[in-house]
Amino acid sequence: MSVPAYSPESDCEDEAFVPDGAPRPLYRELLEELGRQDLAELNRRVEAKVAGSGLTFGEDRPIPIDPVPRLIGGEEWEKLEAGLLQRARALNAFIADAYGPQRIFDAGVVPRRLLETSEGYAPAMAGLLDSGAPPATVAGLDLVRGVDGELRVLEDNLRMPSGACYSLAIREIVEPELDAHARPRGLGGYLEKLGEAIRDAAPADREEPFAVVLSDGPENGAWYEHERVGRELGLPIVTPDQLESSRGRLSARIERDRHQVDVLYRRLDADQITESDGSPTALGELLLPALRSGRLRCANAFGTGLADDKLAHAYAERMIRFYLGEEPLLRSVPSYDLSDEEDRREAMERLGELVIKPRGGFGGHGVTIMPRASEAEREQAIAEVRRRPEDFIAQEPVALSSHPTVRGDGLVPRRIDLRPFVISSAGGQAAMVGGLTRFAQGAGEMIVNSSQGGGCKDTWVVENPAA
């Protein structure tokens, strides 16, 4: 059985084909199935199902969904999953420590300037993240595969990672369209485990806690996800204007009733609960009294954005060694702390070879891939780094792996990353089996984020073929 014609790119690893164009054994059966399909018609069917599903980015922008799933062999997944769980444990320990005893800073393992200068640090949460439940209930770690074939962590997302429910929807859309015998493993009961973790975050004295999803409403880019979590877990979706604070309690007006809220699953873009002078924001005035009284808990607590700081990523492997006494199972893309004199000197000597990232950026905004940038873009990035080195990090570039993607009636390579999800609760940890694969729309492009037009693929964990 023939497979569709395809030409791998020469400067990166291709997930499905070896450099001479032969299919990898893991992909052969899927590619043979695609060879039997009219790819243009397959794509039209998937697009029609996406349009009918309500799957959008924000209120009305459809997300491009490609019908060719990304495959991960079971053997690779087992190792990857262990590394994901390990990293989420260490990052949760770091967040709890940063708002508690601050041992890692006192030990000099992570510089205290991270705490003092991070946009994600919320001083008002000091002493409020010691309830026993991990502060980052959901972690989404962005992984990339370089030319050496190794998957590494490019960024950590613990403040408010999105995409998990998109994975569920894409599986429902794509899998029925393909008849290959190698079926994917299930997604691991993600929503059920999320519901358990939200309930586990409640104050200990609440036997039947009342939980809500705190959202911006339909204008939020992940509104589809908010709606689906609320619907499937039976959680009301509320916005800040529905909340009231009184005597150390938080209540929500839902239709004609008022309920005391025990747990907020935070999906709100607004992250600041205090102003720069320490006075509470409007959101802080609502939430801080109940948080301080212990009558309210947050799933993905305020302050977890500290671990999203790109500077924290530079020290994540040290966090694993410090808190867990283990060697990292999943390595980071090497990063340089530009506020550290030695790191800055090394990076500045070869800045034209690196990637420059603002510490507080997200969605790929503000990133300069120096080897691919124009002369004007490089000059601007270098000038900004020299003026404010403490606001940036530098990373080694990674030639993201490519994956067959439908264009017209054929397959073309498009660069991809992987965002798997880890749920952490007082009862333990669990990873979604697979995750969300994102792809860049243009040939050779490296930015895959949905906020910049990137698309998504289903991610199948499948059994390795017999040797």
Worksheet entry | Failed criterion for Arg87 (all others in (1) free of Cβ contacts under 8 Å to residues at least 40 places away in the same chain; (2) among the basic types (Lys, Arg); (3) closer than 23 Å to Gly149 by Cα hold) | (1)
Worksheet, complete the sentence: Matching residues in segment 211-236 (open to solvent by 20 Å² or more (accessible area, probe 1.4 Å) and either touching a Lys or Arg at 6+ places or on another chain (Cβ under 6 Å) or of a type in the set (D, E, K, R) (or both)) number 5
Worksheet item: Pick from segment 425-440 the residues that are more than 23 Å from Glu76 (Cβ to Cβ) and in contact with a Ser or Thr (Cβ under 9 Å, 6 or more places away or on another chain): which of them is most open to solvent (accessible area, probe 1.4 Å)?
Response: Ala426
Discussion item. Just the residues that are of a type outside the set (A, V, I, L, M, F, W, C) and more than 18 Å from Lys457 (Cα to Cα), please, taken from segment 9-27.
Written reply: Glu9, Ser10, Asp11, Pro19, Asp20, Gly21, Pro23, Arg24, Pro25
Fill in: Top-ranked residue in segment 229-280 [being in contact with a Gly (Cβ under 6 Å, 6 or more places away or on another chain) and without any contact (Cβ under 8 Å) to a residue 60 or more places away in the chain; ranked as nearest to Glu207 (Cα to Cα)]
Leu233
Discussion item. Against the definition (open to solvent by less than 40 Å² (accessible area, probe 1.4 Å), among the hydrophobic types (A, V, I, L, M, F, W, C), at pLDDT below 95 and touching a strand residue (DSSP E or B) at 6+ places or on another chain (Cβ under 7 Å)), how does Ile63 come out, yes or no?
Written reply: yes
Practice prompt. Restrict the check to segment 46-54 and report whether at least one residue is surrounded by 14 or more Cβ atoms within 10 Å (Cβ to Cβ) and among the charged types (D, E, K, R).
Written response: yes
Response to the item:
Of the conditions (1) over 20 Å from Ile72 (Cβ atoms); (2) out of contact with any strand residue (DSSP E or B) (no Cβ under 9 Å at 6 or more places or on another chain); (3) assigned to a loop (DSSP other than H, G, I, E, B), the single one that Pro203 does not satisfy is (2)
Item to complete: For segment 111-132, indicate whether the set of residues that are within 17 Å of Gln429 (Cα to Cα) and under 22 Å from the mean Cα position of the chain (by Cα) is non-empty.
Response: no
Item to complete: Select from segment 190-206 the residues that are open to solvent by 20 Å² or more (accessible area, probe 1.4 Å) and under 23 Å from Leu243 (Cβ atoms) and write down the one among them that is farthest from the chain's Cα centre (by Cα).
Response: Asp205
Discussion item. Kindly evaluate Ile416 against the criterion of being in contact with a Leu (Cβ under 7 Å, 6 or more places away or on another chain), closer than 23 Å to Cys12 by Cα and in contact (Cβ under 8 Å) with a residue 60 or more places away in the chain.
Written reply: yes
Item to complete: Output the qualifying pairs, or none if there are none: Cβ atoms under 8 angstrom, residues six or more apart or on different chains, first residue in segment 327-343 and free of Cβ contacts under 8 Å to residues at least 12 places away in the same chain and more than 10 Å from Ala316 (Cβ to Cβ), second residue surrounded by 18 or more Cβ atoms within 10 Å (Cβ to Cβ) and of a type in the set (Val, Ile, Thr).
Response: Glu327/Ile320
Response to the item:
With criteria (1) farther than 30 Å from Gly132 by Cβ; (2) under 19 Å from the mean Cα position of the chain (by Cα); (3) modelled with pLDDT of 95 or more, Val412 comes up short on (2)
Practice prompt. Kindly establish whether Leu250 is assigned to a strand (DSSP E or B), at pLDDT 95 or above and touching an Asp or Glu at 6+ places or on another chain (Cβ under 8 Å).
Written response: yes
Worksheet item: So which residues in segment 11-35 are open to solvent by less than 20 Å² (accessible area, probe 1.4 Å) and among the acidic types (Asp, Glu)?
Response: Asp14, Glu15, Glu33
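The values are calculated or read from the model by the stated rules, or taken from the named source; none is laboratory data. No experiment lies behind these values; they were computed from the predicted model shown. Please note: Cβ atoms are built from the backbone with ideal geometry, for glycine as well, and neighbour counts cover all protein chains shown. Surface accessibility is based on the protein's heavy atoms, side chains included, excluding ligands, DNA and RNA. Shrake-Rupley method; radii C 1.70, N 1.55, O 1.52, S 1.80 Å.
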